[in-house]
Amino acid sequence: MEDFYEKTQNQPASDTALDVISPHFLEEFLHALTRKDKKKLADLVRPLEPADLAVVLEGLSKANLALFFSLINSHFNFDVLLEFSDHVRQQAVQLIGIKDLSKRLAELDSDDAFFLIDELTPEQQTEILAAIPAAARASFEKIQSYPEDSAARLMQQELVAIPSFWKVGDVLSYIQKSTVLPDVFYEVYVVNPKYKVLGAVTISKLLKYGHNVALKTIMKKEVKTIPATMDQEEVAYFFRHYHLVSAPVEDESGRIIGVIMSDDVVDVIEEEAERDIFQLAGVGETDFTAPFLVTSTKRIGWLIVSLVNALLAAFVIESYHATIENRAALAALMTIVAAMGSASGTQVVAITVRAFATRVFRNMSPWKALWKETLIGLANSIFFSVILALIVLVWLGDVKIALILPAALIFNMCWASAGGVLLPVLISRLGLDPAVSAGPLLGATTDVFGFAAFLALASLVL
């Protein structure tokens, strides 16, 4: 059976995500699944957290995943769909069916329900919107009207908004009796009749005061609100900068329409970090679970960039073939220049992209960073040039090459350090993502410039 169990049965329990997902558990799970034992399956999955169940289900073959949903469709935590990778989630939705999916959406918070609907195909969205209540459909369509990756698409619409004339006892009574409150919340928001936020009171503060204390006397008046159109990266920075646990979201008129929780922001931070890392490598986060052709097609684009880079480098080398033929040692040494430039540039690109993500350039001029990194590149290149010059003298006994190699190295490492700042800044000002484009562009130029500088100097001096 080509399942997760086959891959982990020989590993100790500590090697799996959690002790509950041990090889023994997986053996029991697959045994119950194979025997189509609904009761046993329900008993096994019921205690699992959604994230743990997702680990188990993503390891199943497509046939066994279908068998699982046919046996236990209504006996698992529906939040597990949020934990799946994109392709497995799409498979699960098809197996559950839009009809059952629409019935169980009410189990999710509004932000999670929106996320799940938003991940469906246009045809599936049309079908599920026709099946859910009109109020839920209107809510989804309103949120969908906001830009992708905006604050409105992160927020949950369930919140506690109360008038300013209430007292602590009124709020506590409302919380105890209401059936429409969010499952988890940390603050109640004090609003005026137009639903504009006047202040906020934490739940811990509510519990500290007597029932007759007026809210307006204990509320925090300086509330950090988030515009509905704010980009999710800005939201993450906002939460991190002000150390927020939750924050209200307001529309264009300043009216509170939802609240963003810290767990949603953690997801954004992780998503953005993963996206940058994967884009630098030219792969996707779902490459392991995506179909063969999808993964292959996505990677071809980045491999074409590498091919163009290699062809340019080959063209430069071919242009100086006569020089290389006269001094065979040049063929070995020129790779050092390109490699050191690439390594130096990678370091600078990494910290520059990080500076954009953490908004460092709001308080610091990028040109100051450019100057600093260029000087660092110069200092480091001089240090390694001395080492390489001594190695060449001892190894080859050639004074000319001992001068050419350091000169080319200094040029290429200085460019790599300067380009590591300059390219991300220019790409960002063009409205593009520096995390995606800066690395490949700098890598291409350091290879080509490194070979060209070294071989050009060699052709002139030797």
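The values are calculated or read from the model by the stated rules, or taken from the named source; none is laboratory data. Quick caveat: nothing in here was measured; it's all calculated off a predicted structure. Ideal geometry is used to build each Cβ from the backbone, glycine not excepted, and the neighbour counts take in all protein chains shown.
Would you check which residues across the stretch 359-379 are surrounded by 13 or more Cβ atoms within 10 Å (Cβ to Cβ) and within 17 Å of A438 (Cα to Cα) and list them? Answer for the stretch 359-379, where residues must be surrounded by 13 or more Cβ atoms within 10 Å (Cβ to Cβ) and within 17 Å of A438 (Cα to Cα): F361, P366, A369, L370, E373, T374.
Given the condition without any contact (Cβ under 8 Å) to a residue 60 or more places away in the chain, farther than 28 Å from S262 by Cβ, assigned to a helix (DSSP H, G or I) and out of contact with any strand residue (DSSP E or B) (no Cβ under 9 Å at 6 or more places or on another chain), answer yes or no: does some residue in the stretch 110-123 qualify? Yes; the residues of the stretch 110-123 include at least one that is without any contact (Cβ under 8 Å) to a residue 60 or more places away in the chain, farther than 28 Å from S262 by Cβ, assigned to a helix (DSSP H, G or I) and out of contact with any strand residue (DSSP E or B) (no Cβ under 9 Å at 6 or more places or on another chain).
Evaluate the stretch 444-456: report whether one residue or more is more than 20 Å from A389 (Cα to Cα), within 23 Å of the chain's Cα centre (by Cα) and either assigned to a helix (DSSP H, G or I) or at pLDDT 85 or above (or both). For the stretch 444-456, residues more than 20 Å from A389 (Cα to Cα), within 23 Å of the chain's Cα centre (by Cα) and either assigned to a helix (DSSP H, G or I) or at pLDDT 85 or above (or both): absent.
Test F84 against the stated conditions and say whether it is in the same structural domain as K99 (by TED's automatic domain parsing), crowded, with 19+ Cβ neighbours inside 10 Å and at pLDDT 90 or above. Don't jump to the end; show me each part of the working.
Details: in the same structural domain as K99 (by TED's automatic domain parsing): yes; crowded, with 19+ Cβ neighbours inside 10 Å: yes; at pLDDT 90 or above: no.
Criteria not met by F84.
Looking only at the stretch 199-219, which residues are farther than 16 Å from L159 by Cβ and either of a type outside the set (A, V, I, L, M) or under 20 Å from the mean Cα position of the chain (by Cα) (or both)? Give the steps one after another, and end with the answer.
Kept after step one, since they are farther than 16 Å from L159 by Cβ, are these residues of the stretch 199-219: 204-205, 207-214, 216-218.
Those that are farther than 16 Å from L159 by Cβ and either of a type outside the set (A, V, I, L, M) or under 20 Å from the mean Cα position of the chain (by Cα) (or both): S204, K205, K208, Y209, G210, H211, N212, K216, T217.
Touching a residue at least 24 places away in the same chain (Cβ under 8 Å), in a helix (DSSP H, G or I), surrounded by fewer than 18 Cβ atoms within 10 Å (Cβ to Cβ) and among the polar types (S, T, N, Q): which single residue out of T335, T346 fits that description? Exactly one residue qualifies, and that residue is T346.
Evaluate the stretch 385-394: report whether one residue or more is within 16 Å of G345 (Cβ to Cβ) and in contact (Cβ under 8 Å) with a residue 12 or more places away in the chain. No - not one qualifying residue is present in the stretch 385-394.
Considering each residue of the stretch 237-255, count those that are crowded, with 21+ Cβ neighbours inside 10 Å and either more than 26 Å from the chain's Cα centre (by Cα) or in contact (Cβ under 8 Å) with a residue 60 or more places away in the chain (or both), and give that number. Matching residues across the stretch 237-255 total 3.
Of the residues in the stretch 408-423, not one is outside any helix (DSSP H, G or I), out of contact with any Phe, Trp or Tyr (no Cβ under 8 Å at 6 or more places or on another chain) and at pLDDT below 90. Would you pick out the residues in the stretch 128-182 that are touching a Ser or Thr at 6+ places or on another chain (Cβ under 7 Å) and over 25 Å from E234 (Cβ atoms)? Correct list: I128, A131, I132.
Report, by residue number, each residue of the stretch 351-372 that is part of a helix (DSSP H, G or I), free of Cβ contacts under 8 Å to residues at least 40 places away in the same chain and among the small types (G, A, S). Scanning the stretch 351-372 gives a single hit, A355.
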